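Notes to accompany the following structure.
Derivation of every value follows stated rules applied to the coordinates shown; laboratory data play no part. What you see is a predicted model, and the numbers here were worked out from it, not measured in a lab. Ideal geometry is used to build each Cβ from the backbone, glycine not excepted, and the neighbour counts take in all protein chains shown.
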Amino acid sequence: MKIIIQTHGFTPTKAMLNFITRKLRKLDQLSPRILEGRVLLRLEKSDTRNNKLCEIKLAIPGNDLFASKQNQTFEEAASQVIETLKRQLGDQKPEYNPHGVLH
């Protein structure tokens, strides 16, 4: 899976990028069909401390998945998004064609 991480409004640390990449790579084990993981990290204008937004879009042939969460840290938000995507991947049923080949 190709991973693209974009940030808006701040410069991420290497540790943060490594954390998100490592967690996202685990989704490959659930679905080898994932072509790309596109991550957007953004600071939201907010009066609360829950102003770190993480959005992840997984490019999967025929059915892209998307989740978004906001939390006090980017790591917490990313963890929540990845858990949501795990559930979405688990909900997907493999499609079979008449020749018995997985799609």
Item to check | For the chain, Kirkwood radius (reciprocal of mean inverse C-alpha pair distance, Å) | outcome: 14.4
Next on the checklist: With angles folded into 0 to 90 degrees, how steeply does helix 14-25 sit against the dominant principal axis of the chain? Use alpha carbons for both and round to 10.
Outcome noted: 20
Checklist entry - What number, in percent, do you get for the relative contact order of the chain if the mean sequence gap of Cα pairs under 8 Å and at least 6 apart is divided by its residue count? => result 23
Checklist outcome for this item: Cβ density ranking, 10 Å radius, fewest first, applied to 82, 5 yields 5, 82
Checklist entry - Near residue 45, which aspartates and glutamates are there with a Cα under 20 Å away, not counting those fewer than 8 places off in the same chain? => result 55, 75, 76
Checklist entry - What residue among 71, 18, 50 shows peak mean-square fluctuation when the chain is described by a Gaussian network model with Cα springs under 10 Å? => result 18
Checklist outcome for this item: In degrees rounded to 10, the 0-90 angle between helix 74-91 Cα long axis and the longest Cα principal axis of the chain is 20
Next on the checklist: With both bridge residues required to lie in the range 2-91, what share of the DSSP beta bridges run antiparallel, to the nearest 5%?
Outcome noted: 70
Next on the checklist: I'd like to know which of 24, 11, 88 lies farthest towards the positive end of the charge dipole of the chain, counting +1 on Cβ of Lys and Arg and -1 on Cβ of Asp and Glu.
Outcome noted: 11
Item to check | Highest-fluctuation residue, 77, 15, 67 considered, GNM on the chain with Cα pairs under 10 Å | outcome: 15
Item to check | Residue among 37, 90, 62 with the largest mean-square fluctuation in a Gaussian network model of the chain, springs linking Cα atoms under 10 Å | outcome: 62
Checklist entry - Summing -39500 (n - 2.57) over the DSSP H runs of n ≥ 4 in the chain and dividing by its residue number, what mean residue ellipticity at 222 nm do you reach, to the nearest 500 deg cm²/dmol? => result -10000 deg cm²/dmol
